[in-house]
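The values are calculated or read from the model by the stated rules, or taken from the named source; none is laboratory data. The model shown is predicted, which means the values in this text are computed figures rather than measured ones. As a convention, Cβ positions derive from the backbone with ideal geometry for all residues, glycine included, and neighbour counts pool all protein chains shown. Remember, those area values only see protein heavy atoms, side chains included, never the ligands or the DNA or RNA. Shrake-Rupley method; radii C 1.70, N 1.55, O 1.52, S 1.80 Å.
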Amino acid sequence: MNAGDVEQFEWAAPLYDHLTPDVDAATLRDALALADRPIERVLDVGGGTGRAARAIHADQRIVADPALGMLERARAHDLDVVRADSATLPLRDATVDAVLVVDALHHIADRHGTLRDAHRVLRPGGVLAVVEFDPTTLRGRLLAAAEHLVGFDSTFQPPGHLRDDMERRGFDTTITDRGFTYTVAGTTPST
């Protein structure tokens with residue numbers, strides 16, 4: 001995550017759950033349904049307080065984030081946590097069934113490394129679900145401007161660009177939802 005963004009999230013951690021809307025659980029379920037395996041172990045990358053992990057059911061839900069304040073909040077929600085950079089996740093290869101990146105990719109400096117490492121930690125037939133904001137919409141342009149005004153170093157990309165980036169990293173991708181927020185889901189080969 002961009003260093004300046006981590007500092008802002010540390011500051012916002014105590015209020016974060018009160019200031020941000022709930023994650024659309026149905027949208028995540030639609031993306032996770034593309035997996036060719038049961039979803040038992042989920043990794044919520046850049047997950048902050050665990051909003052996305054809390055929106056779904058899985059036997060084990062892990063939140064990876066570089067901001068300690070956010071991880072403390074996630075732990076208070078009975079989630080497993082790991083302080084980590086999204087491009088160098090401290091998990092073994094092929095150990096999770098699903099990776100979530102919800103409302104976070106635009107804050108991540110090394111998006112290519114993040115997609116590569118998500119692919120690495122997914123089991124065969126696993127799924128990566130990315131929920132982002134479309135900068136080609138009016139609301140997307142307004143959000144990007146607002147984030148820059150408050151000091152975030154955000155970089156947004158349209159759904160087609162993200163789909164192409166994920167395909168270049170070995171995912172079989174589908175855009176499962178479009179609009180101001182969009183979802184791109186990518187599965188790994190089932191072997």
Can L71 be described as open to solvent by less than 70 Å² (accessible area, probe 1.4 Å) and either of a type in the set (D, E, K, R) or part of a helix (DSSP H, G or I) (or both)? yes
* Evaluate the following for V81: is it open to solvent by less than 30 Å² (accessible area, probe 1.4 Å) and not small (G, A, S)? => no
Picked from region 92-101 (must be charged (D, E, K, R) and part of a loop (DSSP other than H, G, I, E, B)), the residue most open to solvent (accessible area, probe 1.4 Å) is R92
Scanning region 119-142 residue by residue, those hydrophobic (A, V, I, L, M, F, W, C) and in contact with a helix residue (DSSP H, G or I) (Cβ under 9 Å, 6 or more places away or on another chain) turn out to be V127, L128, A129, V130, V131, F133
Is at least one residue of region 114-135 more than 25 Å from D36 (Cβ to Cβ), open to solvent by 10 Å² or more (accessible area, probe 1.4 Å) and either of a type in the set (S, T, N, Q) or more than 16 Å from the chain's Cα centre (by Cα) (or both)?
yes
Restricted to region 147-159 and to residues being out of contact with any helix residue (DSSP H, G or I) (no Cβ under 8 Å at 6 or more places or on another chain) and open to solvent by 50 Å² or more (accessible area, probe 1.4 Å), the residue farthest from L32 (Cα to Cα) is L149
Within region 28-47, the residues that are within 16 Å of A104 (Cα to Cα) and in contact (Cβ under 8 Å) with a residue 60 or more places away in the chain are L28, L43, V45, G46
If we keep only residues of region 58-68 that are open to solvent by 10 Å² or more (accessible area, probe 1.4 Å) and at pLDDT below 95, then the residue farthest from A31 (Cα to Cα) is L68
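Conditions (1) under 21 Å from T20 (Cα atoms); (2) of a type in the set (A, V, I, L, M, F, W, C), marked per residue:
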residue: V42; (1), (2): no, yes
residue: R54; (1), (2): yes, no
residue: A67; (1), (2): yes, yes
residue: R75; (1), (2): yes, no
residue: V82; (1), (2): no, yes
residue: S86; (1), (2): no, no
residue: P90; (1), (2): no, no
Of the candidates L142, L89, L105, L162, the one satisfying the condition of being hydrophobic (A, V, I, L, M, F, W, C), touching a residue at least 40 places away in the same chain (Cβ under 8 Å) and surrounded by fewer than 23 Cβ atoms within 10 Å (Cβ to Cβ) is L89
Taking first residues from region 65-83 that are without any contact (Cβ under 8 Å) to a residue 12 or more places away in the chain and second residues anywhere that are crowded, with 20+ Cβ neighbours inside 10 Å and in a strand (DSSP E or B), the pairs with Cβ under 8 Å that are 6 or more apart or on different chains are R75/V81
Per the list (1) of a type in the set (S, T, N, Q); (2) touching a strand residue (DSSP E or B) at 6+ places or on another chain (Cβ under 6 Å); (3) farther than 17 Å from D30 by Cα, residue check on T137 breaks on (2)
All conditions in (1) open to solvent by less than 40 Å² (accessible area, probe 1.4 Å); (2) closer than 22 Å to L43 by Cβ are true of R111 except (1)
